[in-house]
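In what follows, a structure is listed as structure tokens, so that the remarks can point back to it.
The values are calculated or read from the model by the stated rules, or taken from the named source; none is laboratory data. Note that the structure is a prediction, hence the values are computed from the model and not measured. When we count neighbours, we look across all protein chains shown, and the Cβ atoms used for this are built from the backbone with ideal geometry, even at glycine.
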Amino acid sequence: MIGISISMKLLTVLMLACISKNPEVNMTFQEQQFAKQYGLNESDLADPHSILTVSGDRTYITDEEIELLKRVVMSEAGNQSVECQEAVATVILNRWQNPDKFSDTISGVINAPGQFSTRDNGEPTLSVEVAVFNALTYYNTYCQDIPSSVYYFRSGHYHDFGMPYCSFGDLYFSTDKDVVL
């Protein structure tokens, strides 16, 4: 099931990325129905800066925050699948949307001591670009594969704390221990 939704999402994102770069092209009826089914609209898909928050509102992130997010995903999961890269980006967004536990800024989440690697691993690959676009576009919608309660990941095995949720490639993702899925 996850593989099918990922493939459909990837196809849709690539198609919508072309649409967003060409405003003269409108979404087809099928594309509109797909977007409606998953709680998206054309303007949401055309603007990766607009994110649906956990509270159901829209918030915006800057180009600098998107670039920082791409750099972290490249550093943490550049050698992993698009699905894994999207999950890493989603974990960062999940933390940002929970300021009671984490920072209320993306850069604050990323730059918290000992949390994420931001070393320069070169320009983000196409898969990282797609993964970050997916995470931003589908955040807090029915298309999101990683729920908003997943805050942690690590390489090789699950953390000793929290509840194991899933793994992609070498990375293992977990929720808080108190979360019921």
Original post:
In the range 140-150, which residues are aromatic (Phe, Trp, Tyr) and either crowded, with 24+ Cβ neighbours inside 10 Å or under 18 Å from Ser81 (Cα atoms) (or both)?
Top reply: none
Original post:
Under 6 Å by Cβ, and 6 or more places apart or on different chains, what pairs join a residue from the range 113-133 that is over 15 Å from Val88 (Cα atoms) with one that is not in a loop (DSSP other than H, G, I, E, B)?
Top reply: Arg119/Ser75; Asn121/Met74; Asn121/Ser75
Original post:
Take the residues of the range 160-181 that are hydrophobic (A, V, I, L, M, F, W, C) and exposed (fewer than 14 other Cβ atoms within 10 Å of the Cβ): which is modelled with the lowest pLDDT?
Top reply: Leu181
Original post:
In the range 55-76, which residue that is of a type in the set (A, V, I, L, M, F, W, C) and crowded, with 20+ Cβ neighbours inside 10 Å is farthest from Cys166 (Cα to Cα)?
Top reply: Leu68
**OP:** Mind listing just one residue for me: the one in the range 118-138 that is touching a Lys or Arg at 6+ places or on another chain (Cβ under 8 Å) and β-branched (Val, Ile, Thr) and, of those, modelled with the lowest pLDDT?
**Re:** Thr118
**OP:** Return the only residue of Asn134, Asn94, Asn79 being surrounded by fewer than 17 Cβ atoms within 10 Å (Cβ to Cβ) and either not in a helix (DSSP H, G or I) or not β-branched (Val, Ile, Thr) (or both).
**Re:** Asn79
Original post:
Hey, Arg95 hits all of (1) more than 23 Å from Thr53 (Cβ to Cβ); (2) in contact with a helix residue (DSSP H, G or I) (Cβ under 6 Å, 6 or more places away or on another chain); (3) among the charged types (D, E, K, R) but one; which does it fall short on?
Top reply: (1)
